[in-house]
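Chemist: One structure is given below, represented as structure tokens, and several questions about it will come after.
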Amino acid sequence: MKLSISSEFRKVALLNYIVPPEVVDKYLPKYTKPDLFNGNCFISLVGFQVKKLKVNDVKVPLIKDFDEI
């Protein structure tokens, strides 16, 4: 059986912050390093509303609409 998930995203907000790479280092998996853009390391905070969530075209009770950060 193929799983199909559909929804609408509303009120999307994206905030980017420049931080020192060493702040991010401790949260990365071993042998990885932060990606830099123009010499800066960015972290992002994303918030949005999920509306009309359906799994296999069936509305899921109690969680069809929710906020996500």
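The values are calculated or read from the model by the stated rules, or taken from the named source; none is laboratory data. Bear in mind the structure is a predicted one, so any value in this text is a computation, not a measurement. We work out accessible area using only protein heavy atoms, side chains counted, and drop any ligands, DNA or RNA first. Shrake-Rupley method; radii C 1.70, N 1.55, O 1.52, S 1.80 Å.
Chemist: Taking the options PRO34, PRO61, PRO29, name whichever one is in a loop (DSSP other than H, G, I, E, B) and either of a type in the set (D, E, K, R) or open to solvent by 100 Å² or more (accessible area, probe 1.4 Å) (or both).
Modeler: Result of the check over PRO34, PRO61, PRO29: PRO61.
Chemist: Look through LEU15, LEU28, LEU53, LEU62 and report the one residue that is modelled with pLDDT of 95 or more and not β-branched (Val, Ile, Thr).
Modeler: Among LEU15, LEU28, LEU53, LEU62, only LEU15 is modelled with pLDDT of 95 or more and not β-branched (Val, Ile, Thr).
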